[in-house]
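Enquirer: Just passing along the structure, written as structure tokens.
The values are calculated or read from the model by the stated rules, or taken from the named source; none is laboratory data. Computed from a prediction, not measured in an experiment: that's the story for all the values here. Glycine gets a Cβ as well: all are built from the backbone with ideal geometry, and neighbour counts include every protein chain shown.
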Amino acid sequence: MLPLSLESIRLFLHVTAAAVWVGGQLTLLGLLPVLRGLGPDAPKAAARKFNFIAWSAFAVLFVTGIWSLLAESPGSKGTAWNATLGLKLLMVAATGIAAAFHAGGRSKATLAIGGAVSLFAGLAAVLLGVMLTTASA
């Protein structure tokens with residue numbers, strides 16, 4: 001069996017938190033029609049319960065992301081790798097900001113746009129993270 005390394009723990013925490021952040025959004029999106037059928041307050045109640053889990057996962061993503069930056073030494077990577085990292089960081093900021101707007105939104109437009117931007121930016125951040133992890137240099 002391979003030894004358990006600090007790098008493995010870091011990556012495990014980061015991937016698990018990303019799965020909770022993005023997967024939770026996809027799950028709530030899929031459950032939304034059912035929740036609406038339960039009554040007008042059901043979607044809000046589910047979102048409030050999910051908020052603690054989601055923002056906790058986002059905090060873990062932030063901490064493990066900083067940890068990853070310190071471990072990876074971006075200065076030793078090529079221009080393409082750093083450009084991909086920059087785009088990933090932009091998507092991480094976009095998913096967090098959009099989710100905050102969504103969480104505080106009152107209008108249907110704010111809820112819809114905030115939720116959509118947060119989800120798609122989160123998915124983009126996951127893809128870019130996979131690209132960074134699998135890049136050879």
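Enquirer: Let me spell it out: the conditions are (1) closer than 21 Å to GLY122 by Cα; (2) at pLDDT below 95, and ALA71 meets all of them except one. Which number is the exception?
Expert: (1)
Enquirer: Something else now. Residues of the range 86-137 being farther than 16 Å from GLU72 by Cα and not in a helix (DSSP H, G or I), which ones?
Expert: If the condition is that a residue be farther than 16 Å from GLU72 by Cα and not in a helix (DSSP H, G or I), then GLY105, ARG106, SER107 are the ones that fit.
Enquirer: State which residue is farthest from LEU127 (Cα to Cα) when the search covers only the range 1-33 and only residues that are over 17 Å from the mean Cα position of the chain (by Cα) and of a type in the set (S, T, N, Q). Step through it out loud before you land on a result.
Expert: Of all residues in the range 1-33, those over 17 Å from the mean Cα position of the chain (by Cα) come to 1-9, 30-33.
Applying the additional criterion that residues be of a type in the set (S, T, N, Q) yields 5, 8.
Working: SER5: 24, SER8: 19 Å.
So the residue we want is SER5.
Enquirer: Among the numbered criteria (1) under 19 Å from MET131 (Cβ atoms); (2) not in a helix (DSSP H, G or I), which single criterion is violated by TRP21?
Expert: Condition not satisfied by TRP21: (2).
Enquirer: Given the conditions (1) farther than 21 Å from ALA103 by Cβ; (2) of a type outside the set (Asp, Glu); (3) touching a residue at least 40 places away in the same chain (Cβ under 8 Å), which single one is not true for LEU70?
Expert: Result: LEU70 passes all but (3).
Enquirer: Answer with yes or no whether ARG36 is surrounded by 15 or more Cβ atoms within 10 Å (Cβ to Cβ) and either free of Cβ contacts under 8 Å to residues at least 60 places away in the same chain or farther than 17 Å from GLY122 by Cα (or both).
Expert: On the way: surrounded by 15 or more Cβ atoms within 10 Å (Cβ to Cβ): no; either free of Cβ contacts under 8 Å to residues at least 60 places away in the same chain or farther than 17 Å from GLY122 by Cα (or both): yes.
The answer is no for ARG36.
Enquirer: Filter the range 103-131 down to the residues that are surrounded by 17 or more Cβ atoms within 10 Å (Cβ to Cβ) and at pLDDT below 95 and list them by number.
Expert: Answer for the range 103-131, where residues must be surrounded by 17 or more Cβ atoms within 10 Å (Cβ to Cβ) and at pLDDT below 95: ALA103, LEU111.
Enquirer: Sticking with this one: Report yes if some residue within the range 72-83 is surrounded by 13 or more Cβ atoms within 10 Å (Cβ to Cβ), assigned to a helix (DSSP H, G or I) and of a type in the set (Lys, Arg); otherwise report no.
Expert: The answer is no, given that none of the residues of the range 72-83 is surrounded by 13 or more Cβ atoms within 10 Å (Cβ to Cβ), assigned to a helix (DSSP H, G or I) and of a type in the set (Lys, Arg).
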